[in-house]
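All remarks here apply to the structure that follows.
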Amino acid sequence: MEMYIGEGFAGDGVNASHINIMIGPRDGVVGQAFSTSLATPSQGHCPFMVVIKPNVPAKPMTLYVNKAAIDGELHGNATWGASQAAIAKAVTEALLKGTLPAEAEDEWCIVTANWVNPGCTDVDEVFANNYRACTVAIEAAMEKLPGRQQLQQALSQLGNPFYTPK
């Protein structure tokens, strides 16, 4: 069973991005998660295919799952527009530059879970942060990061943007 899992965070404040990603063959668990997520939307969360532009989906086929329910026009534009475009760019570049293997193009799929803050204020900053976070998440997934040494070092700096232990 082949499944790659990654995480990426970029930016500060209300325009920051946090992305969780699953990458793997369509005929495996990632493909199952892809089809299940696409077929079972819930209130405020409607997974959708990531496109480079209308009628040109990113490859490998990528499903966008929003972590925050859409709250207003700006948040919708930031999610469906800026964040989606950033994911499309990061995924497509990863395929074209070889971060993803050649067989990923037509035999794999990707599921991304993306945080776009309902209080976001700048769609260009949302785009930049989502692009960086998705690129980091893809690279981490494919390189199976973090490694034990990185985990050990990070543990002494435990914390996240919402909480740091005293």
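Filter Lys89/Lys166; Lys53/Lys97; Lys53/Lys144 down to the pairs with a C-alpha to C-alpha distance above 27 Å, please.
From the list (Lys89/Lys166; Lys53/Lys97; Lys53/Lys144), the Cα-Cα distance tops 27 Å for Lys89/Lys166; Lys53/Lys144.
For Arg148 and Val29 in the same chain, what is the full-extension length gain: residue separation times 0.36 nm, less their Cα-Cα distance, in nm?
Full extension from Arg148 to Val29 adds 40.3 nm.
Order by neighbour count: His75, His45, fewest other Cβ atoms within 10 Å first, most last.
Least crowded to most crowded, the residues run His45, His75.
Which longest uninterrupted range of the chain lacks any GluC sites (Glu not before Pro) assigned by DSSP to a loop state (not H, G, I, E or B) and surrounded by at most 12 other Cβ atoms within 10 Å?
Numbers: sites that count: Glu2, Glu103, Glu143.
Looking at the chain, 3-102 is the longest stretch - no exposed GluC sites (Glu not before Pro) with at most 12 other Cβ atoms within 10 Å.
Divide by every residue of the chain the summed helix terms, -39500 (n - 2.57) for each DSSP H run of at least 4, and state the resulting mean residue ellipticity at 222 nm, rounded to the nearest 500 deg cm²/dmol.
-10500 deg cm²/dmol
Most mobile of Pro118, Pro25, Pro41 per a Gaussian network model of the chain (Cα springs, under 10 Å)?
Maximum among the listed residues: Pro41.
Using amide H atoms built in the peptide plane, which far-off residues or other-chain residues are under 5 Å from Leu100 H to H?
Answer set, sorted by chain and number: Leu95.
If you place +1 on the Cβ of every Lys and Arg and -1 on the Cβ of every Asp and Glu, how big does the dipole about the Cα centre of the chain come out, in debye to the nearest 20?
The calculated dipole for the chain is roughly 260 debye.
Can you check what the net charge comes to around Ala88, using other residues whose Cβ is under 11 Å from the Cβ of Ala88 (Lys, Arg +1; Asp, Glu -1)?
Taking every other residue near Ala88 into account, the sum is +2.
Rank these for me by crowding, Ile52, Ile87, Ile19, going from fewest to most other beta carbons within 10 Å.
So the residues, fewest neighbours to most, are Ile52, Ile19, Ile87.
None of the figures in this text is laboratory data; all of them are computed from the coordinates on show. Source: prediction; values computed, not measured. All Cβ positions, even for glycine, are placed from backbone atoms using ideal geometry, and neighbour counts span all protein chains on display.
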